[in-house]
1. For the stretch 220-239, which positions are without any contact (Cβ under 8 Å) to a residue 60 or more places away in the chain, within 19 Å of A41 (Cα to Cα) and open to solvent by less than 40 Å² (accessible area, probe 1.4 Å)?
2. Quick one: would you say E144 is charged (D, E, K, R), open to solvent by 20 Å² or more (accessible area, probe 1.4 Å) and on the phi < 0 side of the Ramachandran plot?
3. Failed condition for N101, given (1) within 37 Å of the chain's Cα centre (by Cα); (2) away from ligand 3 (no atom under 16 Å from the Cβ); (3) touching a residue at least 60 places away in the same chain (Cβ under 8 Å), with all others met?
4. Output the residue which, of all residues in the stretch 467-486 that are among the hydrophobic types (A, V, I, L, M, F, W, C) and assigned to a loop (DSSP other than H, G, I, E, B), is most open to solvent (accessible area, probe 1.4 Å).
5. Under 8 Å by Cβ, and 6 or more places apart or on different chains, what pairs join a residue from the stretch 467-490 that is of a type in the set (G, A, S) with one that is assigned to a helix (DSSP H, G or I)?
6. Out of curiosity, is E91 within 30 Å of L312 (Cβ to Cβ), away from ligand 1 (no atom under 16 Å from the Cβ), open to solvent by 50 Å² or more (accessible area, probe 1.4 Å) and free of Cβ contacts under 8 Å to residues at least 24 places away in the same chain?
7. Looking for whichever is within 16 Å of ligand 3 (Cβ to nearest atom), open to solvent by less than 20 Å² (accessible area, probe 1.4 Å) and either touching a helix residue (DSSP H, G or I) at 6+ places or on another chain (Cβ under 9 Å) or among the small types (G, A, S) (or both) here; the options are V77, V26. Which one fits?
8. Do you know which residues across the stretch 381-391 are under 16 Å from K317 (Cα atoms) and open to solvent by less than 10 Å² (accessible area, probe 1.4 Å)?
Amino acid sequence: MEKRMTESELLGNFREAIENEYIFVVYQPQINHSTGRMIGAEALVRWKDPENGMQFPSDFIPVLENNGLIFDTDIHVFEMVCKFQRKCLDEGMGLIPISVNMSRFDIYDHNYVEQIEEIRKKYDIPVKYLRIEITESSAIGGIELVSDVLDKLHELGYLVEMDDFGSGYSSLNILKDLDVDIIKLDMTFLSGNIGGRGGTILSSMVNMARWLKTPVIAEGVETMTQADYMNSIGCNYIQGYLYYKPLREEEFIKEISVLNHEPTVSDMSLIDTIEAGKFWNPESMETLIFSNYVGAAAVFSYDSRDESVEVLRVNKKYIKEVGMGRSEKEIISSDPWENQDEKDRKLFMDTVKKAIESGEEEVCEHWRTVCTEMCGVEKICVRSSIRIIGRTENRYLFYTMVRNITAEKKQYNELYNSERRFRFASEQANVYAWEYDIATKRMRPCYRCMRDLGLPPLLENYPEPAIDAGIFPQDYADMYRGWHKKLEEGVDHLEAIIPLTIGRVPFHVRYTTEFDENGKPLKAYGSATMVVEDEENPEGNPEENPEN
Ligand code: C2E
Ligand code: CA
Ligand code: CA
């Protein structure tokens, strides 16, 4: 009967299990979802104990790893796979590539590569029918050991797969540091979440992989929805219960003979000036420049079919400049168009299109709304210099340098506004102008008002200070207060002739109201123009109630 073996039983039975092939291999096919053809298979270890029945990897692998026995297990599995391939060759069957798992502990055993190579030669299997799966966690002890093994495997012609990509949190870094040939994305790490953030992370990983020209296999695919989703984001290769559970050798042979197979080839190539892959190679000049010498920069892709944009890579300075407290992962997985104004989106897209046409650097300034847990919603103005660095049929890759120009922009706007006021005031020598904020009852006088009437730059509770100062004489005080009530009620224009100051000099006083998009009055712009002798037909009779 089936019984989970204890650690000491496992250790005690191990040698015998290897010799008698109680430890054996099952095969899980990998399928091209678009064509239904088999592109490979993964060898998975099983242990069927004569007394205790089937044991699963999750139970015995940790024990073997902790007791230094995983290396022998992996070598045993590799040999069984070679034997299997030899049998297929001898029987004249079509061979398909089989991937073998390499434990992260095998990395510390310096002759893993030599040993498997010896076995491969013994059975005389062409290297293209054997692949090695390494896991992200192999890099825990440092990237150097893994990349040494990877180089050795590559020299001998083995293709290497990155297993469980997306499980560790350093995934994006691993990809740029390790030059793997195939990436395996595990769906179970993102279960139930493909519609939301998980889906966005998946699609940006697939995107990045495609720019690296690295095929992606989605693992753990159980439903058609998952398979179709992966297909829609450009990942056609699938390994999972949807198609096959791991199969015993005999069943697997049957499937090989009925299914066509095809090679795993990437469907995209970069035809433009620079090699995008260099961006992920830590030693390349591009990376050096990207992370150290340029300012805030990002790499993004654009799909002309649905005008979608995805951020693929950002450097540290980018995070500092426009990240607003978000992490690299948050920036990459967020939808860049969420919460943005259509106008700003259009401006950006037009610049992207211009950059495609010209092949030159194109610049735009646009406002972006950034939502973060830390800062809430914030509007920032960004200057982006965009340049195309790669293209395929419908997809384009861009390099962008960004600068957060929010502060400059605000300063400029303020300067522009106050300049506009002052220019307005001084251009007409006898015009006094001011701005009245309806909600706060604050008044900002023009430069001339300040100079000639001795007003401070900001008056609270307007118009009371002007009445107190005698600028508006007492007999006009109530009328003038009435005007401000009307402004509050939403009148759009007011004017009258009013004698101002103790000299009672007649001025043509006007107000024009500015409204917000909901029709709510925001500000009123006031002006007072001295009435000159020849001003025709002054409309307002001060003694009457002034209406527009
Ligand atoms: P892995 O390399 O990620 O293998 C894939 C695992 O997912 C396998 O579990 C497979 O049976 C399972 N799987 C496949 N399709 C689906 C699906 O649609 N849904 C779900 N939920 N699971 C699916 P298995 O065979 O139990 O292996 C577990 C792990 O044990 C493997 O994960 C691998 O890390 C390790 N392992 C298996 N064989 C070997 C080996 O020969 N050597 C070493 N070092 N590790 C091995
Ligand atoms: Ca694996
Ligand atoms: Ca896996």
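1. Result: G220, V221, C235.
2. yes
3. Going through the list (1) within 37 Å of the chain's Cα centre (by Cα); (2) away from ligand 3 (no atom under 16 Å from the Cβ); (3) touching a residue at least 60 places away in the same chain (Cβ under 8 Å), N101 breaks only (2).
4. A469
5. Pairs that qualify, where the first residue is of a type in the set (G, A, S) and the partner is assigned to a helix (DSSP H, G or I), are A469/L453; A477/I467.
6. Taking the combined requirement at face value, the residue does not satisfy it.
7. Checking each option against the conditions leaves just V26.
8. Within the stretch 381-391, V382, S384 meet the criteria.
The values are calculated or read from the model by the stated rules, or taken from the named source; none is laboratory data. Just so it is clear, the structure is predicted and the values come from calculations on it, not from any experiment. No Cβ is skipped: glycine too gets one built from the backbone with ideal geometry, and neighbour counts run over all protein chains shown. For the accessible areas, the whole protein counts, side chains as well, though only heavy atoms, and no ligand, DNA or RNA atoms are used. Shrake-Rupley method; radii C 1.70, N 1.55, O 1.52, S 1.80 Å.
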